[in-house]
Amino acid sequence: MKKIISVVGARPNFMKVAPLFRAFQQYTDIQHLICHTGQHYDDRMSSIFFEELELPRPDFYLGVGSGSHAEQLAGIMLGFEKIVQSERPDLVIVVGDVNSTVACSLIASRFLIPIAHVEAGLRSFDRTMPEEINRLLTDALADYLFVSEPSGVRNLEKEGIPQEKIFFVGNVMIDSLLYYLPKIAQSKILQTLHCQPGEYILVTLHRPSNVDHREELQELIGLLREIASLKKIIFPVHPRTRKKIHEFSLEDMIPTNVIITEPLGYLDFMQLVQHAALVITDSGGIQEETTFLQIPCITVRNNTERPVTVETGTNRLAGTNPTRIKQTVMEILNGNRPHGRIPEYWDGHAAERIAKIIYEKL
């Protein structure tokens, strides 16, 4: 019996581990355990995903919670070290690019335990992003690098990663999306928010570069005011963003045509994505989901680690200048919708390919 521990910590990780959990169930001689670091500690950002995604309760819960970058990394490493010492897994699977990803990779490498990185090779080439550093370090430590798009293979090869470690398998986020589409269709969120399909713009903003400084956040809220005069906006507010809006006393800037909600569960949120006129975001995963669903997406960033969503998908990289963002919004609302295609291997079977490779290697 081989023992595998998959690590989840932040909201996007749950959608990546859920299909892996299902894929490993067909291998009776693999024990697949889940460690939840507690990096996202808000109930709406965490436990609801275990319920909606039909994941079992985590086998291990570290309960790290909030704190500075260093405090969070240290807390995760201290907690995960104890688990690794007691369980001695044959493999640790980490996903994405959050603090939990790199912290648990460091511990696994310290104990000479092989590491599999799901969503390896993505690069924004912007080292001011904490996630970029996490990606670089994790890929340098990993033994199996599972890649979601062609750019990931090219990036890893340029960094000197041996080809035998690199596996182009597709996108596990799309595995989850396809699997849950029937449940997404049953969501009542449109009725709850009194919205009609195609009659609203969905907005998410959470990156420090967009929300941590008063001037940038004020400009973006001013942009939302302008856009809201054209079309209704739904804005599920990330806890970080809500805190900054309050800290900078910007609540009164938000017009009544912007529907503010708490962070939503996966099923409700994906129904909003599926029926939006367009999505404005600084999230990585949403660029992928909108590409698959063929929904126009405007990314409020100067770079993206998911270039396939721009090259072949429906994503438009608009930068952070409000004038340029509004211009892109107007183009789409006036009928100049981006038409993309679904990237290779975004077919709902990425997790099965990953599980098969890991089973054969172990």
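The values are calculated or read from the model by the stated rules, or taken from the named source; none is laboratory data. The structure presented is a predicted model; accordingly, all values stated were derived computationally and were not measured. Every residue, glycine as well, gets a Cβ built from its backbone with ideal geometry; the counts of neighbours run over all protein chains shown.
Summary of computed values
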quantity: Number of the exception - R301 against (1) in the same structural domain as T28 (by TED's automatic domain parsing); (2) under 27 Å from S209 (Cβ atoms); calculated: (1)
quantity: Unique match (being assigned by TED's automatic domain parsing to the domain that holds G9, over 22 Å from D175 (Cβ atoms) and at pLDDT 95 or above) among G63, G79; calculated: G79
quantity: Exclusive hit being touching a Leu at 6+ places or on another chain (Cβ under 6 Å) and either modelled with pLDDT under 85 or hydrophobic (A, V, I, L, M, F, W, C) (or both), set I34, I5, I48; calculated: I5
quantity: Cross-chain or 6+ apart pairs with Cβ under 6 Å, the range 267-285 first and under 21 Å from R240 (Cα atoms), then at pLDDT below 95; calculated: D282/R207; D282/N210; G285/P12
quantity: Sole residue being modelled with pLDDT of 95 or more and charged (D, E, K, R), chosen from E262, E251, E216, E199; calculated: E199
quantity: Test for S86: is it assigned by TED's automatic domain parsing to the domain that holds M15, within 22 Å of T37 (Cα to Cα) and without any contact (Cβ under 8 Å) to a residue 24 or more places away in the chain; calculated: yes
quantity: Subset of the range 130-151 (residues that are at pLDDT below 95 and of a type in the set (D, E, K, R)); calculated: E131
quantity: Test: residue in the range 165-178 that is over 23 Å from the mean Cα position of the chain (by Cα) and either surrounded by fewer than 14 Cβ atoms within 10 Å (Cβ to Cβ) or modelled with pLDDT under 95 (or both); calculated: no
quantity: Elements of type helices (runs of 4 or more DSSP H) contained in the range 142-257, each with 2 or more residues being hydroxyl-bearing (S, T, Y); calculated: 172-185
quantity: Failed criterion for Q287 (all others in (1) surrounded by 22 or more Cβ atoms within 10 Å (Cβ to Cβ); (2) assigned to a strand (DSSP E or B); (3) not aromatic (F, W, Y) hold); calculated: (2)
quantity: Residue that is modelled with the highest pLDDT [pool: residues in the range 331-360 that are more than 14 Å from I174 (Cβ to Cβ) and surrounded by fewer than 13 Cβ atoms within 10 Å (Cβ to Cβ)]; calculated: E360
quantity: Qualifying residues in the range 120-140 (those that are touching a residue at least 60 places away in the same chain (Cβ under 8 Å) and touching a helix residue (DSSP H, G or I) at 6+ places or on another chain (Cβ under 7 Å)) - the one farthest from N210 (Cα to Cα); calculated: L122
quantity: Scope the range 9-42; condition assigned to a loop (DSSP other than H, G, I, E, B) and either out of contact with any helix residue (DSSP H, G or I) (no Cβ under 8 Å at 6 or more places or on another chain) or surrounded by 24 or more Cβ atoms within 10 Å (Cβ to Cβ) (or both); matching residues; calculated: G9, Q25, T28, D29, T37, G38, Q39, H40, Y41
quantity: Residue within the range 188-199 that is of a type outside the set (S, T, N, Q) and under 29 Å from L20 (Cα atoms) present; calculated: yes
quantity: Residue satisfying condition, being buried (at least 21 other Cβ atoms within 10 Å of the Cβ), without any contact (Cβ under 8 Å) to a residue 60 or more places away in the chain, more than 30 Å from T204 (Cα to Cα) and not acidic (D, E), within set I115, I161; calculated: I115
quantity: The one condition in (1) crowded, with 16+ Cβ neighbours inside 10 Å; (2) outside any helix (DSSP H, G or I); (3) in contact (Cβ under 8 Å) with a residue 24 or more places away in the chain that I260 fails to fulfil; calculated: (1)
quantity: Number of positions in the range 84-129 that are of a type in the set (D, E, K, R), closer than 20 Å to N171 by Cβ and not in a loop (DSSP other than H, G, I, E, B); calculated: 1
quantity: Close pairs (7 angstrom Cβ cut-off, 6 or more residues apart or separate chains): within 13 Å of H349 (Cβ to Cβ) in the range 12-27, among the charged types (D, E, K, R) and in a helix (DSSP H, G or I) anywhere; calculated: P19/D175; A23/E352
quantity: Odd one out for G319 among (1) more than 27 Å from I184 (Cα to Cα); (2) of a type outside the set (S, T, N, Q); (3) surrounded by 19 or more Cβ atoms within 10 Å (Cβ to Cβ); calculated: (3)
